[in-house]
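Each remark here refers to the structure printed beneath this line.
All of the numbers you see were taken from the coordinates with simple rules; none came from a lab. All values derive from a computational prediction rather than experimental measurement. All Cβ positions, glycine included, derive from the backbone under ideal geometry; neighbour counts span all protein chains shown.
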Amino acid sequence: MTRATRPLFALLLAVLPLSAWGADDPMTAEEFEAYVVGKTLTYSMAGEVYGTEQYLTNRRVLWAFSGDECREGHWYAEERTICFVYDYNPDNPQCWMFWAKENGLGAQFMNDPEGTELSEVDQSAKPLACPGPNVGV
């Protein structure tokens, strides 16, 4: 890029909507799977730790709200969302849209009219610690 084209490029970035660069596009199931498998991600809501989820192979998960028991489940793609079904509540899928953000994943809960939003705040290769009666994997 030459000096003469830099201001034009900067102006182009400023006036194009972010969606033209893919920032507003939710992750596909393939993108989500490639990002999460083998990881344990911790999410926050409004600056407070919300919960942690371990992403296993074959779209299996282990979830725990902060300070709660672990819950086994799985996920599947439905249109533009990733839906989670947990063994303790199989008739109530929890559907989210995920975005790759500069500092991790962002997620929007689709089942809630208030629109719960989560942000990834930590990532580990270690398994989820599961205290309580159903000790984890």
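Here are some notes:
- Filtered GluC sites (Glu not before Pro), the range 54-128: DSSP coil and at most 14 other beta carbons within 10 Å: GLU79, GLU102, GLU114
- Rounded to the nearest 0.05, the FRET efficiency derived from the C-beta distance between ALA46 and SER124 at R0 = 25 Å is 0.65.
- Charge sum, other residues only, whose C-beta stays under 13 Å from ARG59's C-beta, Lys/Arg counted +1 and Asp/Glu -1: -4
- When the convex hull of its Cα atoms is projected in every direction, mean area for the range 27-122 (nm²): 6.0 nm²
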